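Below is one structure, written out as structure tokens; comments come after it.
The values are calculated or read from the model by the stated rules, or taken from the named source; none is laboratory data. Every value quoted in this text rests on a predicted model; they were computed, and no experiment measured them. Ideal geometry is used to build each Cβ from the backbone, glycine not excepted, and the neighbour counts take in all protein chains shown. Heads up: the accessible areas ignore ligands, DNA and RNA and are worked out on the full protein's heavy atoms, side chains in. Shrake-Rupley method; radii C 1.70, N 1.55, O 1.52, S 1.80 Å.
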Amino acid sequence: MIEALGLELNLLFYLLDYEAVAPIFITFRDLMRHRDYQQCSRCVMDTTDLQITFDEDGHCNHCIEFLEKRSKHQYQGAQSDAALDHLVESIKRSGKRSEYDCVIGVSGGTDSSYLAHIALEKGLRPLAVHMDNGWNSEKAVQNIRNITSKLGIDYESYVLDWESFRELQLAFLRASVPEAETPTDMAIPAALHYFAAKFDIKYIISGGNLATEGILPKSWHYNAKDMKYFNHIMKTFGRANSNSFPTFGYRKEMYYKLVRGIKMVYPLNFVPFVKAEANQLLKEKFDWQSYGGKHYESRYTRFIQSFYLYKKFGIDYRRAGFASRICTGDIDRDTALERLTSKPYDDARIEADKQFIAKKLSISTEELERLIDLPGKWYWDYPNDDKKLGVIYNVYRKLFKKEKLGSF
């Protein structure tokens, strides 16, 4: 019954203005916070996602959607091989008169590093772009150097203004929402599109993929392109001018897509991408070093995903990755459950991490602890354009369905 009530209120939320239904919607969320704990009987997603629903077999909406819809866009053997070849030829044609035919974002992590290897194997001429937000680990920096130098890829770095970026990070911590990484998630596509436009490159190839990222609840990671949400948090909780920050809302995205003709595609969905095998290849060919977790190339990301979300919201971010891998057959559920019995963070390291994070953010460790201990909020607790963006992107997907090469 509670799931049915949730669907009805979600429908009301989308049909009416946020302000009109917020009191009802938030009351419902409070009810959901106190419902009995449940974990999916097929994957490992659970009620730490406040919006999760289950069918009569105990299967959650995430793995149901993945297996019914998104799995159609993952690797399909010869069909995917042919699609990848077609995509590669399109990229080459678009850049045949230019120095580069695509932009590739590099972070030093598995996905982007492996994608760089695939791109060179396929004869592409990428420009590697890294968005430097000041939090790179030494291993990440070395991985980027090794990959780009050994593959002979030209490299550009987009360095954020630290004071503006630091203040934005603090604003999201003060807002007490799970999206502590929104400033980074917004700056990455801004940097990639900036260099694509600068060099008149029509394709951005991304390491995003269904195998490891097909499942991620919106309540854990709300849309980083929602400028209404972003601006409200920045103005309400920020304490300095952040005008130098490279924002990337739907208006800028549509400008780059529709006016400049820049496409973002995801080639790893066309290859049999297995994380462990990719890691081994990268180690052998490029002296690549692992740093223990997805997106842990950033010390701040490691702190947020492994400790902050777990401590503040009870969110174990590993669940989403494990759930995706269970659905693709890359890992079995029992193995995932066994790994989830341990904490997502290292007790011996966390105090040192807190001191490092606090010092870099120019606050005391006591202030950082206070921010962590604030009552948790969610994106629906603040003004947002969720309904509006849903309509815009649904229309875009229908109009440009044929252009969505390798997307998800």
**Message:** Could you tell me the calculated FRET efficiency between Y255 and E351, based on Cβ-Cβ distance and R0 = 41 angstrom, to the nearest 0.05?
**Reply:** 0.35
**Request:** Can you bin region 169-292 into rounded, prolate or oblate? Criterion: square roots of the alpha carbon gyration tensor eigenvalues sorted a ≥ b ≥ c, rounded for a/c under 1.5, prolate for a/b above b/c, oblate for the rest.
**Result:** oblate
**Residue with peak Gaussian network fluctuation, the chain [Cα springs, cutoff 10 Å], from L168, L281, L115** = L281
**Item:** Fluctuation leader among Y393, Y317, Y300 - the chain, Gaussian network, Cα springs under 10 angstrom
**Value:** Y393
**Message:** Exceeding 29 Å between C-alpha atoms, which entries from my cross-link table qualify? They are K252/K398; K263/K311; K202/K283; K225/K283.
**Reply:** K263/K311; K202/K283; K225/K283
**Asked** With every protein chain in place, what's the accessible area of V395 (1.4 Å probe, Å², nearest 10)?
**Response** 80
**Prompt:** From the Cα gyration tensor of region 274-350, with a ≥ b ≥ c the square roots of its eigenvalues, which class applies: rounded if a/c is under 1.5, or else prolate if a/b is larger than b/c, or else oblate?
**Reply:** oblate
**Fill in**
Sorting V103, V274 on solvent-accessible surface, 1.4 Å probe, most exposed first, gives V274, V103
**Request:** Leaving ligands, DNA and RNA out of it, report the carbon-plus-sulfur percent of the accessible area of the chain at a 1.4 Å probe.
**Result:** 51
**Global form of region 231-371, assessed from the alpha-carbon gyration tensor, a/c cut-off 1.5** = oblate
**Asked** Taking only protein heavy atoms and a 1.4 Å probe, what accessible area per residue, in Å², does the chain have with all protein chains in place?
**Response** 46
**For the chain, Cys with no neighbouring Cys Cβ under 4.7 Å** = C102, C327
**Request:** Quote to one decimal, in nm, the extra length available between A240 and K283 on full extension: 0.36 nm per residue of separation minus the C-alpha distance between them.
**Result:** 11.2 nm
**With DNA, RNA and ligands ignored, accessible area of H193 (1.4 Å probe; Å², nearest 10)** = 10
**Asked** Can you give me the relative contact order of the chain as a percent, contacts being Cα pairs under 8 Å and 6 or more apart?
**Response** 22
**Complete:** Note: D154 to A78 extended length (0.36 nm per residue) minus current alpha-carbon separation gives 24.2 nm
**Item:** Listed candidates (i) 9; (ii) 33; (iii) 24 - label of the one calculated as percent of Cα pairs over 42 Å apart
**Value:** (i)
**Asked** Taking the Cα centre of each part, how many Å lie between region 253-330 and region 151-212?
**Response** 14
**Complete:** Between D154 and residues 5 or more places away or on another chain, the pairs with built amide H atoms under 5 Å apart involve A128
**Fill in**
If exposed means GluC sites (Glu not before Pro) lying in a DSSP loop and surrounded by at most 15 other beta carbons within 10 Å, then the longest stretch of the chain lacking such sites spans residues 100-408
**Prompt:** Could you give the length gained on full extension between N231 and D132, defined as 0.36 nm per residue of separation minus the Cα-Cα distance, in nm?
**Reply:** 33.4 nm
